[in-house]
Amino acid sequence: MNWKEEKNRLSAEVKFVDFKQAFAFMAAVALAAEQMNHHPEWSNVYNRVSIHLSTHDAGNTVTEKDRKLADAISEIYRTFRSA
């Protein structure tokens, strides 16, 4: 998973086989994000998921919270790619 840091946020876009797999990925990410109490800004169109991370409480900049969530999301994505 390739994260880009620009415009004070971390961003990535991933593609899946179909909508069902994209939605399952989003559900897994949602559980991790809730556990970390840090939630992504994201969108889904069919088999693509776009994710943007920044910390609103820190003036909409990238913080360690964003990097940790990005790492967790990348790990979840790896489990989907290896399945």
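The values are calculated or read from the model by the stated rules, or taken from the named source; none is laboratory data. Just so we're clear, the structure is a prediction, and the values are computed from it rather than from any experiment. Methodologically, a virtual Cβ is constructed for each residue, glycine included, from the backbone with ideal geometry; neighbour enumeration extends over all protein chains shown.
Return a yes/no flag: does the range 18-34 have any residue that is of a type in the set (S, T, N, Q), farther than 16 Å from Asn2 by Cβ and modelled with pLDDT under 95.
Residues of the range 18-34 that are of a type in the set (S, T, N, Q), as a first pass: 21.
Retained after the next criterion (residues that are farther than 16 Å from Asn2 by Cβ): 21.
Remaining after also requiring modelled with pLDDT under 95: none.
No, the range 18-34 contains no residue that is of a type in the set (S, T, N, Q), farther than 16 Å from Asn2 by Cβ and modelled with pLDDT under 95.
Pairs, please: C-beta under 8 Å, at least 6 apart or cross-chain, first residue over 15 Å from Asp66 (Cβ atoms) and in the range 30-49, second of a type in the set (Asp, Glu) and assigned to a loop (DSSP other than H, G, I, E, B)?
Final answer for the pair search is Tyr46/Asp18; Asn47/Asp18.
Spot the failing condition for Glu41; the list is (1) over 19 Å from Lys7 (Cβ atoms); (2) acidic (Asp, Glu); (3) in contact with a His (Cβ under 6 Å, 6 or more places away or on another chain), and only one is missed.
Glu41 satisfies every listed condition except (1).
Cβ contacts < 6 Å: first residue on the phi < 0 side of the Ramachandran plot, restricted to the range 58-83; second residue of a type in the set (A, V, I, L, M) and in a loop (DSSP other than H, G, I, E, B), any location; separation 6+ or different chain. Result?
Pairs found: Ser74/Met1; Tyr77/Met1.
When only residues in the range 26-77 that are small (Gly, Ala, Ser) and outside any helix (DSSP H, G or I) count, which is surrounded by the most Cβ atoms within 10 Å (Cβ to Cβ)? Spell out how you get there, then give the answer.
Narrowing the range 26-77 to residues small (Gly, Ala, Ser): 27-28, 30, 32-33, 43, 50, 54, 58-59, 70, 72, 74.
From what is left, the residues that are outside any helix (DSSP H, G or I) are 43, 50, 54, 59.
Working: Ser43: 12, Ser50: 14, Ser54: 20, Gly59: 9.
That would be Ser54.
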